[in-house]
1. For the chain, take the longest principal axis of its alpha carbons; what is the angle in degrees between that and the long axis of helix 125-136, to the nearest 10 within 0 to 90?
2. Can you tell me, using C-alpha contacts under 8 Å and at least 6 residues apart, the relative contact order of the chain as a whole percent?
3. Counting only C-alpha contacts under 8 Å and six or more residues apart, can you give the relative contact order of the stretch 42-103 as a whole percent?
4. For every helix of n ≥ 4 consecutive DSSP H residues, a contribution of -39,500 (n - 2.57) applies; sum these over the chain, divide by its total residues, and give [θ] at 222 nm rounded to the nearest 500 deg cm²/dmol.
5. On alpha carbon coordinates alone, what is the Rg over Rh value for the stretch 164-311, Rh being the Kirkwood radius?
6. Could you rank the peptides 179-188, 33-42, 152-161 by their average count of other C-beta atoms within 10 Å per residue, with the highest value first?
7. Just the number, please: percent antiparallel of the DSSP beta bridges in the chain, rounded to the nearest 5.
8. Distance between the C-alpha centers of the stretch 141-203 and the stretch 93-124? Whole Å please.
Ligand SMILES: Nc1ncnc2c1ncn2[C@@H]1O[C@H](COP(=O)(O)OP(=O)(O)O)[C@@H](O)[C@H]1O
Ligand SMILES: [Mg+2]
């Protein structure tokens, strides 16, 4: 089944160029636990589909361990999918000759969570920014240096910072340098894996604004990974909510934030201050992806679970402009979802709503 995020085209706006399209992407790891035991299959990502157009941001949200970074690595062409199709700027990005793959790798760049770990401490900023040009282009040394300085200015840093080492900068400045490095080869898609999670809240907003400005200026597509719905609300056009490797809800941010139709999305929103009048604290651990629940992946923690949920896995279906994988989402279409008292959930009305 191919399930794709409803696009702007479907919403009556002019269609835009599709930068990346993923269809039924999967990634399974083989886990060996001892010499004489058969390996187990860990399905980190199961059946994810989406497309991102030029100038648009798809945010992927979910708890730690749900498969976000694995998805990011596949989209950034660092890791091969176990199954599924991936098309980047109109070209099959999985089954390609090494030469063509190298070219495609320039079209997608990654920004990581930790700007301390991702910048080589022994390299000056000038080298950090110029090396991708030295490897992939025929530009001369002065041309490379000029481009690096231009890029520093573009990300809000002084060109003379090129002569400094990464440790001389604050966390926010280092993340700006990492973004500058990612942009040196003029990519079409930026995959940002928790890019502001390690930064102070005041700095987060600055980096998010920078990403938004760069997107408007350069028409970049973003795959933005975060566990924080407050950040997602700031930056996303579309949202994909992941749970245990699966997409449980997927569609335009405005629809999903206004009325989440999957109980997991409802719980995520309720756990983010200021986004919901309800507080739902999910009890129980995230199940192991080595031993996922039968039926619906969320059935072991869902406040609305019914017998059918444990037997039959709900397939994503279109409801109120988004895809939702729940047998009972219709009941959330009008009014706030009722929170039952006999289920492992704590519902506490928030004292003040910020
Ligand atoms: N290289 C790997 N080998 C085995 N298991 C892995 C590997 N990478 C990730 N996993 C497992 O896949 C699942 C998803 O991990 P990850 O994509 O890092 O999630 P997230 O980024 O959402 O925290 C986890 O259960 C993790 O332990
Ligand atoms: Mg991760």
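1. That works out to roughly 90 degrees.
2. 19 percent
3. RCO, the stretch 42-103: 21 percent.
4. Working: 10 runs with 101 residues, N = 354.
Computed mean residue ellipticity for the chain: -8500 deg cm²/dmol.
5. On the way: Rg = 18.1 Å, Rh = 17.5 Å.
Over the Cα atoms of the stretch 164-311, Rg/Rh equals 1.04.
6. 179-188, 152-161, 33-42
7. DSSP beta bridges in the chain are roughly 65 percent antiparallel.
8. The two parts, judged by their Cα centres, are 15 Å apart.
Bear in mind these aren't lab numbers, they're just calculated from the coordinates by the rules spelled out. Since the model is a prediction, treat every value here as computed from it, not as a measurement. Quick reminder, even Gly has a Cβ in these numbers, built from the backbone with ideal geometry, and neighbours come from all protein chains shown.
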